[in-house]
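The values are calculated or read from the model by the stated rules, or taken from the named source; none is laboratory data. Keep in mind the model is a prediction, meaning the values are calculated, not measured. Quick reminder, even Gly has a Cβ in these numbers, built from the backbone with ideal geometry, and neighbours come from all protein chains shown. Heads up: the accessible areas ignore ligands, DNA and RNA and are worked out on the full protein's heavy atoms, side chains in. Shrake-Rupley method; radii C 1.70, N 1.55, O 1.52, S 1.80 Å.
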Amino acid sequence: MNGGHYDKPVMQILGNKKIQGSGANERFRLLVSDGKHSLSFAMLATQLNDKLKTGELSDYSVVQVDRFITSVIKPNAEKRVMILLEITILAPGSEVGKKLGNPQTWSEDSAQAPAPPTMTPAPKANTRPPPAVKPTFNPRLDSSMLSSQMTHPIASLSPYQNKWVIKARVMNKSGIRTWSNARGEGKLFSMDLCDDSGEIRATAFKNECDKFYDMIEVDKVYYISRCILKAANKQFTSLKNDYEMTFTADTVVSECMEDASTVPSVKFDFVPISEIANKSPDSLLDMIGVCKSAADVQELTAKSTGKLLKKREVTLVDSSGGAITLTLWGNEAEKFDGSTNPVIAAKGARLTEFNGSKSLSCLSSTMVRLNPDLPETHRLRGWYDNGGADCDIVNISARSGAYGGGSGEWVTFAEAEARQLGAGERGDYYSLLGALTFTFSDNAVYKACPQEQCNKKLLDQENGLYRCEKCNREYPNYKYRLLLGANVSDPTGDQRVTAFNEAAESMLGKTAAEIGQMFEYDKAAYSQLFEEVKFKTFVFKFRTKMETYSDEARLKTTVMSATPVDYKDANARLVKSIKALSGVEV
């Protein structure tokens with residue numbers, strides 16, 4: 001905590017506490033010990049949160065700190081926080097089971113105390129400058145001084161501090177956008193920044209837009225200081241930060257001229273294409289896929305502005321067995337060449353839904369990379385070139401064509417059969433009013449991998465650990481997920497269907513976690529739940545596709561959603577049908 005370089009110190013975790021945010025924005029504060037001193041001003045980098053959530057990292061664990069940084073959070077008082085960026089767990093807490101040594105609380109007053117003998121200070125050139133030459137933040141701060149400032153990690157920024165400097169890489173920069181309304185007119189541009197600890201959106205308006213737009217280049221590293229921080233608008237960004245930055249007249253930006261390789265490039269949180277079908281419309285997602293085909297550039301006129309727009313739709317596939325359409329706009333659409341089947345990674349693409357099909361569209365803030373140097377890229381290229389190109393896929397952007405079946409029309413099972421829905425190569429979507437006539441309670445709930453993006457069924461090692469073959473890891477815990485088989489009937493016929501987690505929860509009226517607890521501890525209540533749901537009526541949205549099992553072609557129908565019946569709407573549809581069939585006014 002006094003500065004200097006220490007080679008992979010060993011610490012014990014004595015406690016942890018969630019301090020802010022939820023989901024991807026959760027932060028955890030740690031109580032750490034080196035055996036002689038303990039420190040409560042420590043935080044876990046967000047990319048390591050899963051180690052706490054899965055139980056891999058727990059109280060009393062002994063870890064090797066492979067990489068860390070310290071940051072001043074109260075410059076005047078010199079209050080410092082340690083952020084653990086990379087760790088190796090040497091001994092799990094369950095094995096250690098106790099506090100090692102008799103550590104005393106470390107404070108700023110102990111700054112003069114000698115460092116523990118196991119830590120060898122680096123040469124003085126790398127240590128914190130003495131107070132006489134310590135950099136200060138003053139009104140005359142300019143870009144020439146920024147490189148000498150002590151930088152702060154992005155993850156430590158908040159509206160409650162205003163004296164900081166970050167060293168960050170520009171992941172993405174939007175074009176200049178203009179606006180005009182009753183309050184005036186102006187222009188702006190936004191960019192996404194990242195460092196070791198996290199990422200953040202920054203926006204420059206009017207004068208700052210003119211001042212910085214040409215200066216700032218994508219993928220370069222800059223020192224940035226004196227911006228306003230405010231709560232992030234999650235509607236327009238998928239970045240994992242509760243805050244965003246706004247440039248002001250006092251903002252200072254200076255390019256990092258020394259080695260910038262220590263600042264990472266873009267961070268993605270990819271969602272498999274097959275899982276995108278279950279995501280809510282308007283979500284901002286990161287995805288990666290191989291371009292299987294690309295349409296020609298189309299021109300259209302924007303209704304709101306009258307501007308001529310150019311777009312190109314490309315179909316992407318991945319090893320999850322899914323395909324989806326991604327719409328590129330403007331220069332990206334014109335320049336794109338899909339002839340070599342490139343791998344495309346998109347960060348922050350918006351999910352849209354039309355007539356039962358879902359697709360992705362790039363926004364001005366969406367970052368698109370062709371053949372990025374990522375492990376996922378190399379895996380996808382190997383998969384596609386070695387048989388993946390010919391694999392059977394389900395296109396979640398497929399439209400049902402002239403026979404609709406989209407969100408506006410209810411189709412019966414007899415009509416679906418007459419229209420041969422599902423017989424095409426891409427499958428079809430349709431909506432139906434039907435009742436659950438049977439549910440298969442056996443094997444409806446299973447223990448899945450605790451990782452957020454993995455839902456693979458775990459193998460019980462029968463030693464207190466569960467193995468995920470997909471992640472190639474063992475976990476002491478798990479999450480419950482549902483895979484429900486059922487029969488749905490309407491007056492014209494019935495169909496065997498499969499419902500995955502979210503759709504099954506809607507049908508059963510309870511969460512997977514609740515149903516899992518019932519299965520483990522209250523079998524009677526579990527059985528009763530599946531009895532009570534019989535003959536309940538829902539408006540189902542199905543995805544149907546012909547698949548081959550043991551040389552036999554069968555229709556596979558998956559429940560995309562199941563919603564309670566709005567009887568006012570249902571009656572209006574019934575009245576409309578009676579009028580159309582009989583000519584009798586009702």
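Could you look at segment 413-574 and say what percent of its accessible area is carbon and sulfur, using a 1.4 Å probe and all protein chains?
Percent of accessible area from carbon and sulfur atoms in segment 413-574: 47.
Whole Å is fine, so just give me how far the alpha carbon centre of segment 522-559 lies from that of segment 349-377.
First find each Cα centre; the distance between them is then 31 Å.
Once label points are set 7 Å from the Cα along Cα→Cβ at both Arg473 and Ala302, what is their separation, rounded to one decimal in nm?
4.2
Between Gln461 and Asn233, what's the calculated FRET efficiency when r is the beta-carbon distance and R0 is 51 Å? Round to 0.05.
After rounding to 0.05, the efficiency reads 0.70.
Run a plain Debye calculation on segment 226-350 (Cα atoms as equal point scatterers, no solvent) and give log10 I(q)/I(0) at q = 0.16, 0.22 Å⁻¹, rounded to two decimals, same order as the q list.
These q points yield log10 I(q)/I(0) values of -1.04, -1.24.
Given a 1.4 angstrom probe, what's the average accessible area per residue across segment 305-392, in square angstrom?
Ligands and nucleic acids excluded, the figure is 46 Å² per residue.
Report in % the part of the accessible area of segment 273-395 that belongs to carbon and sulfur, leaving out ligands and nucleic acids; probe 1.4 Å.
Answer for segment 273-395 is 47 percent, counting heavy atoms of protein chains only.
How much area per residue is accessible in segment 413-574 when the probe is 1.4 Å and only protein heavy atoms are counted (Å²)? Each step should come with its number before you reach the end.
Details: 8920 Å² over 162 residues.
In whole numbers, segment 413-574 has 55 Å² accessible per residue.
For segment 413-574, what is the relative contact order in percent, using Cα pairs closer than 8 Å and at least 6 residues apart in sequence? Can you show the working numbers first?
Details: 302 pairs, mean separation 45.0, N = 162.
It rounds to 28 percent for segment 413-574.
Can you compute log10 of I(q)/I(0) for segment 343-399 with the Debye formula, treating each Cα as one identical point scatterer, at q = 0.22, 0.29 Å⁻¹?
-1.01, -1.05
Please work out the average accessible area per residue across segment 145-255, using the 1.4 Å probe convention, and give it in Å².
Value for segment 145-255: 44 Å² per residue.
Report the gain in length on full extension from Phe354 to Ala414: 0.36 nm times residue separation, minus Cα-Cα distance, nm rounded to one decimal. Please report the intermediate quantities before stating the final value.
Values: separation 60, 0.36 × 60 = 21.60 nm, distance 2.40 nm.
Contour length minus the Cα-Cα distance gives 19.2 nm.
Give me the percent of the accessible area of segment 145-255 that comes from carbon and sulfur atoms, probe 1.4 Å, all protein chains in place.
Ligands and nucleic acids excluded, carbon and sulfur reach 47 percent.
Over 30 Å, how big is the tail of the calculated P(r) for segment 413-574, in percent of all Cα pairs?
26
What's log10 of I(q)/I(0) for segment 145-255 at q = 0.19 Å⁻¹, Debye sum over Cα points only, no solvent?
Result of the Debye calculation: -0.99.
Order the peptides 178-185, 568-575, 217-224, 329-336 from the highest to the lowest mean number of other Cβ atoms within 10 Å of their residues. Present the calculation step by step, with values, prior to reporting the outcome.
Values: 178-185: 8.0, 568-575: 11.9, 217-224: 17.5, 329-336: 14.6.
Order by mean packing, descending: 217-224, 329-336, 568-575, 178-185.
Please find the FRET efficiency linking Lys510 to Asn487, where r is the Cβ-Cβ separation and R0 is fixed at 30 Å, and quote it to the nearest 0.05.
0.90
Quote the relative contact order of segment 273-395 in percent (integer), defining contacts as alpha-carbon pairs under 8 Å separated by 6+ residues. Could you put the intermediate results ahead of the total?
Working: 238 pairs, mean separation 35.6, N = 123.
After rounding, I find 29 percent.
Using the basic label-point model (7 angstrom from Cα toward the beta carbon), what is the Tyr521 to Asp569 distance in nanometres?
Output for this residue pair reads 3.7 nm.
Fully extended, how many nm does the chain gain between Ile19 and Lys279 (0.36 nm per residue separation, minus their Cα-Cα distance)?
Length difference between fully extended and current span is 90.8 nm.
Go ahead and run the numbers for FRET between Leu90 and Lys36, Cβ-Cβ distance against an R0 of 22 Å, rounding to 0.05.
Numbers: r = 18 Å, r/R0 = 0.81.
Once the sixth-power term is evaluated, E becomes 0.80.
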